[in-house]
Structure formats: structure tokens, C-alpha cells
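Enquirer: This structure is in C-alpha cells; I'll ask about it shortly.
Since every read-out is calculated from the coordinates, none of them should be taken as a lab result. None of the values given here were measured: they were computed from a predicted structure. With ideal geometry, Cβ positions are generated from the backbone for all residues, glycine too; neighbour counts draw on all protein chains shown.
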Amino acid sequence: MNTVHSPGDAASLPPLALIAGPTASGKSDLALRLALALDKAGPSTASGRAVIVNADSAQVYADLQVLSARPAPDEMAGIEHRLFGAWDGASACSAADWAAAAKEVIAEVHGAGGVPILVGGTGLYLRTLLDGIAPVPEIDPEVRKTVRALPVPEAHAALVREDPQRAAMLAPADAARISRALEVVRSTGRALAEWQQERAGGIGDRVTLHAAILLPDRDWLYERCDQRFAAMLARGAIGEVEALLARGLDPALPAMRAIGVSELGAFLRGDCSLDHACAAGAQATRNYAKRQYTWFRRQPPPEWSRIETSDVDIDAQFETLLQQ
């Protein structure tokens, strides 16, 4: 992630708050606290209000209210929340799709004199919004059809010949990424890595970014993951999965691959006990949190504040933003 703006870099640029980190790290609570603090510190009119903007790839889906821990209306404390549940589970929300929608929301909030607060744990979403996306042209439909009809071993062997650098980076069974890399090189004549060196459409140089990454104690975080999955069950996760499976959607869709869907689906089919499904779901949540933790510790710019405590001082952490 190349964005290096920090508070004070360009006081004339509109503010954008960002709270990121692994699942169950307390991002939503902190975003709500910041929004309430901004509302208290700023104008009392609606035009000065903070707006929380979702940047989580599971919380975008309407079908995943419970499994994504999406805030319920009574948990929003009167703060406007945008891009939560905005996509139907039958559609895939790509990073580019989300970034385009987020740009519109951010511009709207800025136009009304408000402060958008991005909150989420999907690093690819944030990178695409701030740094832009590789300007890969539309893939020739015939090329895509041919590539995606190939058995995975054949596609991987072809990629080894046509883009060995990308092939060396991918697992031989990673069907989706292998197909993408192969269709790009065949359709455009350039390797995906070449395209990814170019970025277009990012807003990082058009905002004053106030970023905070939550990286709390890992044991505390994993305990929170277990508690979260148990709470999801109490809030109706089984019924939510049952309703989602009843739609007969493509299993490859992101909503169908969300944590908890396959685990609780196995229970609903009678393939395992509820205790086993819950243990598997909790473990999947911990594994996901671990991957996010590693990404957010290493990838964002060093200028982004890393918070290693679960007790965040809003006034100290966002002092510059609150004083604007």
C-alpha cells in the first residue's frame, strides 16, 4: 500500500478517517465512538455529521447480517452507516466495485461538510480505494471462456510457460488466481505483474488521512473470535445460513464462502454435530483474524498508527481530526 498521507500533510484536503484491523479487534466500536466524538465536537447540523462507511467484504452482503457481525440499527447510536448490506448475495462485490461506491459516498459526505469514517478489515478494498487499481483492459470473452474451461493442472502448466513469474507465486491448485493471470497475459499480451505496477483511480492524494490500525494482544483477539462466533449462533446464524443455502446460489460466490456458511451448512445437512460445526467456525474465524493481523502489521505505510491496546484513547489518537 503506497498511500503515505498523514494528518497535517495538506490541511486543505478533506479529512478521511480510517479504522482497520483484524476481525473482532473492536473496529466497529471504535468507529462509533469516533463518530459520536466528531458529532459532539463539530456542528450540530446534519451537514457536519460523521458517517461510518463499511470496508469489510462480508458486511457488504445483505444475506450476512449475523455472520458478518454487521451492526444492527439499534447499535448505530443514530450515526449514519453506509455500504452495509448494500449488495445482494447473488452478486459478487469486487474491490473495484466497492471502491467505486465508496468514492461516491465519501464525495457525498465531504460535499455535505461531514467526515467519512472507513471501518473494516479488507485490506484489498482499502488499497484499491486509496492507491487505485491496475488498469487491466477488459478480457476478451473468448479468451476467458477458453481459459476457464481448462482443467486446473493444464491452466497451471500453461501459466508456467506464459507467465512463469506469476506461476511461481501461486499454488498449483489456486484455480481462480491461475485463471486470472493466464487470461490477462493471453488477452493483453502483458503479464499481470506488469499491469500491477501501474495504479489508477486512487483517492489517497486527495484526502487528509487519519488512519489507525488495531493490533491488540493475540490471545485477547482469539478469545474475542470465539466469543463472536458463539454470539452469532445466539443471534440466529443457523437460520441465516439456512435461508442463504435455500437460494441455491453458486457456491463460488463470496457470500457463499463467508466464514460460518460451510461450517453451519454441514450441520444443516446432517454431516456433523452442532458442537463440531461451532468449533470449526470458531477456528476458521481465528485463522482469518491471524491472516488479517499479519497483513495489517506489515502492509500499510509506517505512518499509519498501530494501536496495540484494546483500550483506545479517542482524544489522543484522533486529536488532529477532532480539533479541525
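Enquirer: Tell me whether the range 203-280 comes out rounded, prolate or oblate; compute the Cα gyration tensor, take square roots of the eigenvalues as a ≥ b ≥ c, and use a/c under 1.5 as the rounded threshold.
Expert: Values: a/c = 3.14, a/b = 1.55, b/c = 2.03.
Cα axes put the range 203-280 in the oblate bin.
Enquirer: Now for a separate question. Using the alpha-carbon centroid of each, what span in Å lies between the range 96-130 and the range 176-247?
Expert: Spelled out, the Cα-based centre of one part sits 15 Å from the other.
Enquirer: How many percent of the alpha carbon pairs in the chain exceed a separation of 37 Å?
Expert: Cα-Cα pairs in the chain separated by more than 37 Å: 21 percent.
Enquirer: Here's another thing I want to ask about it. Hey, fewest Cβ within 10 Å first, where do TRP295, TRP220 land in order?
Expert: The order, fewest Cβ neighbours first, is TRP220, TRP295.
Enquirer: Cα-Cα pairs above 18 Å in the range 141-196: how many percent? Don't skip to the answer; put the middle values down first.
Expert: On the way: 280 of 1540 pairs.
Counting every Cα pair in the range 141-196, those more than 18 Å apart make up 18 percent.
Enquirer: In debye, nearest 20, what is the charge dipole magnitude of the range 141-196 about its Cα centre with +1 on Lys and Arg Cβ and -1 on Asp and Glu Cβ, if you could check?
Expert: Approximately 120 debye in magnitude.
Enquirer: Apply 1/(1 + (r/R0)^6) to the Cβ-Cβ distance of MET169 and ALA90, taking R0 = 35 Å, and write down the FRET efficiency to the nearest 0.05.
Expert: Working: r = 31 Å, r/R0 = 0.89.
Efficiency at R0 = 35 Å is approximately 0.65.
Enquirer: Classify the range 183-318 from the C-alpha gyration tensor, please: rounded if a/c falls under 1.5, else prolate or oblate depending on whether a/b exceeds b/c.
Expert: The shape class here is oblate.
Enquirer: Based on other C-beta atoms within 10 Å, arrange PHE229, PHE296 from fewest to most.
Expert: Arranged by neighbour count, lowest to highest, PHE229, PHE296 become PHE296, PHE229.
Enquirer: Can you work out the Karplus-derived ³J(HN,Hα) for every residue in the range 112-118? Use 6.51 cos²θ - 1.76 cosθ + 1.60 with θ = phi - 60°, whole Hz, and x for glycine or proline.
Expert: 8, x, x, 10, x, 10, 6
Enquirer: Thinking of the range 77-156 as a set of Cα atoms, what percent of all their pairs are more than 14 Å apart? Each step should come with its number before you reach the end.
Expert: Values: 2332 of 3160 pairs.
Result: 74 percent of Cα pairs exceed 14 Å.
Enquirer: OK, next. Output the DSSP H helices from the chain with an along-axis C-alpha extent of no less than 18 Å and a mean Kyte-Doolittle hydropathy no less than -0.5.
Expert: Qualifying helices: 27-41, 95-111, 175-188.
Enquirer: Between GLU154 and ALA316, what FRET efficiency comes out of the Förster formula 1/(1 + (r/R0)^6) with R0 = 51 Å and r the beta carbon distance, rounded to 0.05?
Expert: 0.35
Enquirer: Restricting to DSSP loop positions (anything but H, G, I, E, B) with no more than 16 other Cβ atoms inside 10 Å of their own Cβ, which trypsin sites (Lys or Arg not before Pro) remain in the range 157-193?
Expert: Answer in residue order: ARG190.
Enquirer: I want to check the label-to-label distance for ASP275 and ALA230. Put each point 7 Å from Cα in the C-beta direction and report it in nm to one decimal.
Expert: 1.5 nm
Enquirer: Further question on the same structure: When LYS290, LYS40 are ordered from fewest to most other Cβ atoms inside 10 Å of their Cβ, what list results? Each step should come with its number before you reach the end.
Expert: Working: LYS290 15, LYS40 10.
Ordered by Cβ neighbours within 10 Å, fewest first: LYS40, LYS290.
Enquirer: Towards the positive end of the charge dipole of the chain, with charges on Cβ (+1 Lys, Arg; -1 Asp, Glu), say which of ILE139, GLY236, GLY123 has the farthest Cα.
Expert: ILE139
Enquirer: Also: Report relative contact order for the range 141-196 in percent, whole number only (criteria: Cα-Cα under 8 Å, sequence separation at least 6).
Expert: 35 percent
Enquirer: Further, regarding this structure: Can you compute the helix-only [θ] at 222 nm over the chain? Use -39500 (n - 2.57) per DSSP H run of at least 4 residues, normalise by all residues, nearest 500 deg cm²/dmol.
Expert: Estimated from H runs of four or more residues: -14500 deg cm²/dmol.
Enquirer: So how strong a dipole does the chain carry about its Cα centre when Lys and Arg Cβ are +1 and Asp and Glu Cβ are -1, to the nearest 20 debye?
Expert: 520 debye
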